[in-house]
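The values are calculated or read from the model by the stated rules, or taken from the named source; none is laboratory data. If you're wondering where the values come from, they're calculated on a predicted model, not measured in any experiment. Don't worry about glycine lacking a Cβ; one is built from the backbone with ideal geometry, like all the others, and counts go over all protein chains shown.
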Amino acid sequence: MRFDVLTLFSEIFQGYVGQSLLKRAIQAGLVQVHLHDIRDWSIGKHNTVDDRPYGGGPGMVIKVEPAVDCVEAVRGQDQDPGHLVMLTPQGRRLDQRVVEQLSQHKRILLLCGRYEGFDERIRTILEPEEISIGDYILNGGEVAAMAIIDSVIRLVPGVLGDEDSSVSDSFSSGQRWLECAQYTRPREYRGHEVPAVLLSGNHEEIARWREENSRQRTLERRKDLIEGCHEDLGPHPGSCPLPTIEN
Ligand code: 6GU
């Protein structure tokens, strides 16, 4: 799986790319991350990549020429032109289903914006898929691009060890209940004890307790996930785990 990140702030990615899971995946040849500085495709002697918006208003807009030139040049670096994603607050909201769809691509280009946005013709010409990571405003698309890389590589075969396979993740393939509470040693800390059932060795009871714990948490914290379960089964009909919950 190859990622190409197109950004004005490639330094932001340096630490992340050297981080353990991604680093191992890169060393194992499972994932490639190529960083590209949009400024390398700037125009004029001042390395301009942004400009004031026509019509006035605050902030700066990313210029069409450097963005389009950069995407086209980077696309040409591989036989696979790749799937172009533009990170913007106006995009489709990222969730695990979107992550699963993205993971089907062999190559993804992540175009990160800054400032007030992109010249609209970048969209018209390149027709990217626009993705947002939530309903709040970031200073740029870089953190969102990292969220995409981080969530997608978990689904690349071989990146996770068998032990922490992503199949059992709480949001994988139509599963929408929250992860249950977890404990490790010590058995007691400041008077707070580990639930006895987890020490019982009774695997059936433990499984039942965990399911019930997930159910309760989801109901308390994220009722919307359960409600969504009934109307939006998507490509996984029948996998909804909580159809019995009332109200
Ligand atoms: Cl992708 N970009 C920016 N600037 N803000 C965001 C976002 C993206 N997703 C959520 N907020």
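Points to keep in mind about this one:
- Where a residue in region 127-146 is assigned by TED's automatic domain parsing to the domain that holds Arg107 and its partner, wherever it lies, is part of a loop (DSSP other than H, G, I, E, B) and more than 6 Å from the ligand (Cβ to nearest atom), with Cβ under 6 Å and at least six apart: Ile131/Leu94; Ile133/Leu94; Gly141/Gly113; Glu142/Phe9
- Tallying residues that are among the small types (Gly, Ala, Ser) and either surrounded by 11 or more Cβ atoms within 10 Å (Cβ to Cβ) or in contact with a helix residue (DSSP H, G or I) (Cβ under 9 Å, 6 or more places away or on another chain) (or both) within region 179-202 yields 2.
Residue by residue, here is whether (1) at pLDDT 95 or above; (2) of a type in the set (Phe, Trp, Tyr); (3) more than 16 Å from the ligand (Cβ to nearest atom) holds:
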position	(1), (2), (3)
Met146	yes, no, no
Val152	yes, no, no
Ser173	no, no, yes
Tyr183	yes, yes, yes
Arg210	yes, no, yes
His230	no, no, yes
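- Residue pairs meeting the criteria (Cβ under 6 Å; at least 6 apart or on separate chains; first within 17 Å of Asn139 (Cα to Cα), in region 42-62; second among the polar types (S, T, N, Q) and part of a loop (DSSP other than H, G, I, E, B)): Val49/Ser42
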